[in-house]
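Shown next, in structure tokens, is the structure this report addresses.
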Amino acid sequence: MNAEIIAVGSEILLGQIVNTNAQFVAKRLTNMGINLYHQSVVGDNPQRLTIAIKEAAERSDLVILLGGLGPTVDDLTKQTAAKFLNEKLIIDQAALAKIEQSFAETQRKMTENNRLQALYIAGSVALPNETGFAVGDFYRNSNGSDFLLLPGPPSELKPMFVHQAQPLLEQTYFSQQKLASRVMRFFGIGESLLAAKLTDLIEQQTNPTLATYAKENEVTLRLTANAASESTAQAKLDQLEKIIQQRVGEFCYGYGDDNSLPQVVVNLLKEKNLTVTAAESLTAGKFQATLADVPGVSEVFPGGFVTYSNHAKSQLLKIPAEKIQKAGAVSSLTAAAMAKQAQQILNTDIGISFTGVAGPDELEGQPAGTVWIGLALKDRPTQTKLFHFSKTRPYIRERTVLSGLDWIRRELLK
């Protein structure tokens with residue numbers, strides 16, 4: 001099942017507003033197991049819109065038009081689509097009554113063009129608008145592509161899609177099937193390498209399907225299967241995930257659209273009844289702030305240290321100044337001392353440290369992106385790791401924090 005999105009509106013085409021509608025609908029379609037191979041934006045021009053509709057109908061099973069259902073002269077989506085389908089536009093009486101009632105209640109005169117919002121394509125299912133007036137359409141086409149028309153304002157489009165369109169799509173295309181979807185989240189491996197390790201699975205996919213999605217500092221993998229029953233669909237996902245875990249499981253930190261590496265680490269600490277503290281130099285408290293974004297973190301995180309300067313490292317962490325001066329702030333020895341001292345001073349189970357060069361300039365003769373992370377666990381030797389990150393100063397600091405979280409996660413799972 002292949003779908004295509006056409007966003008209609010000169011304000012989107014010219015960059016005056018961001019096309020959040022397409023992002024929302026695309027994500028929903030993906031969750032439903034509907035493939036999306038094309039998106040386009042067309043201005044308020046019926047000739048160009050007709051061309052876009054014709055091209056979309058030739059390559060997609062479902063064409064979704066976003067916007068252009070309002071009462072103004074440039075709202076021509078349903079008129080253009082109806083002409084392409086050789087269908088008439090008819091009045092949805094319930095929608096018209098809602099419009100008339102609103103004008104009566106506000107004591108405003110209703111002009112004729114407001115009736116346009118109550119029109120829908122003959123032969124289609126009219127989709128009620130909970131938060132506005134323009135009705136949507138779902139048109140089943142026995143001779144070609146199906147059409148779904150949705151209003152432009154996000155406050156109208158989102159409830160219409162969730163409450164009206166999505167149930168119709170599921171009933172129409174998956175009535176005899178149960179759909180199951182699973183999101184796997186990865187850190188420490190790029191999208192290109194992940195895809196390379198799963199090339200055969202991606203190229204040969206039928207049911208279940210899988211697709212990679214690059215996000216900021218991580219990659220997600222969505223698995224989707226359909227079957228006669230929910231249990232059978234889940235079994236298909238289990239079988240596919242087993243193969244994926246064998247190949248790249250070390251990088252998989254969790255599941256779900258709304259999950260994150262900090263959440264996973266905090267939950268693991270809670271499960272194991274362990275506490276953590278941190279001593280931060282280049283990250284300047286970012287690790288601790290990231291932990292604090294997770295509700296309930298106070299159970300596992302009593303506090304920590306921000307020791308940006310060498311003086312602060314000596315004063316707050318009680319590390320001899322000559323020791324730091326001899327080894328350098330950006331060193332394995334300093335990272336180890338910071339982690340161990342933080343862990344001992346606050347008597348936590350885990351102490352982690354971050355010291356390095358965030359950039360853009362060098363420090364102690366070392367280039368930007370040079371980072372040492374130290375990890376001190378109770379009754380175990382302190383460990384350190386050297387990282388080399390690139391890109392911008394904010395990226396280096398963010399990547400440093402996430403790398404520390406991932407190191408803790410891996411240790412907790414041992």
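Measuring against 27 Å, Cα to Cα, the residue pairs Lys326/Lys414; Lys270/Lys385; Lys27/Lys78; Lys83/Lys109; Lys78/Lys109 contain Lys326/Lys414; Lys83/Lys109 as the ones spanning a longer distance. Taking Ser102, Ser155, Ser142 as the candidate residues, the one with maximal mean-square fluctuation in a Gaussian network model of the chain, Cα springs under 10 Å, is Ser142.
Using the Cα gyration tensor of segment 1-156, with a ≥ b ≥ c the square roots of its eigenvalues, what is the shape: rounded (a/c below 1.5), prolate (a/b larger than b/c) or oblate (neither)? Verdict is prolate for segment 1-156.
Cross-link partners for Lys313 among the aspartates and glutamates, with Cα-Cα distance under 15 Å and sequence neighbours closer than 8 places in the same chain left out: Glu280, Glu322. Build a GNM of the chain with springs between Cα atoms under 10 Å apart, and of Val41, Val300, Val73 the one that fluctuates most is Val73.
When the surface is traced with a 1.4 Å probe over the full set of protein chains, Tyr395 keeps roughly 50 Å² accessible.
Calculated mean residue ellipticity at 222 nm for the chain: -12000 deg cm²/dmol, from DSSP H runs with n ≥ 4 weighted as -39500 (n - 2.57), summed, divided by the residue count and rounded to 500. Segment 59-74 and segment 213-257 have Cα centres separated by 34 Å. Put a dot 7 Å past the Cα of Ala289, heading toward its Cβ, do the same for Thr111, and the two dots end up 4.9 nm apart. For the pair Gln234 and Asn273, the difference between a 0.36 nm per residue extended length and the Cα-Cα distance amounts to 10.9 nm.
Lys272: which aspartates and glutamates have alpha carbons under 13 Å from its alpha carbon, excluding same-chain residues fewer than 8 sequence positions away? The qualifying aspartates and glutamates are Glu299, Asp349, Glu411. Using θ = phi - 60° in the Karplus curve 6.51 cos²θ - 1.76 cosθ + 1.60, the 3J(HN,Hα) couplings for segment 280-285 round to 10, 10, 5, 7, 6, x Hz; x is entered for Gly and Pro.
With both labels modelled 7 Å from their Cα along Cα-to-Cβ, the Glu216 to Tyr395 distance reads 1.3 nm. With a 1.4 Å probe rolled over the protein heavy atoms of all chains, the accessible area of Glu156, Glu100 falls in the order Glu100, Glu156, largest first. Across segment 95-240, Cα pairs under 8 Å and at least six residues apart give a relative contact order of 16 percent. Put the Cα centre of segment 333-368 next to the Cα centre of segment 278-301 and the gap is 14 Å. One Cα centroid belongs to segment 179-196, the other to segment 80-124; the line between them spans 45 Å. Rounded to the nearest whole Hz, the Karplus-based 3J(HN,Hα) values (6.51 cos²θ - 1.76 cosθ + 1.60, θ = phi - 60°) of segment 119-128 follow the sequence 7, 9, 6, 4, x, 9, 8, 6, 9, x, with x at glycine and proline. Here the gap between Thr206 and Lys88, fully extended at 0.36 nm per residue and compared with their Cα-Cα distance, gives a gain of 38.6 nm. Of the listed residues Glu411, Glu362, the order by accessible area with a 1.4 Å probe, largest first, is Glu362, Glu411. Comparing Lys27, Lys326, Lys286 in a Gaussian network model of the chain, where Cα atoms under 10 Å apart are tied by springs, the biggest mean-square fluctuation is seen for Lys326.
The values are calculated or read from the model by the stated rules, or taken from the named source; none is laboratory data. Everything numeric here is computed off the predicted structure, so don't read it as measured data. Neighbour counts run over all protein chains shown; Cβ positions are idealised from the backbone, glycine included. To get the accessible areas, we keep the full protein, side chains included, count just its heavy atoms, and leave off ligands, DNA and RNA. Shrake-Rupley method; radii C 1.70, N 1.55, O 1.52, S 1.80 Å.
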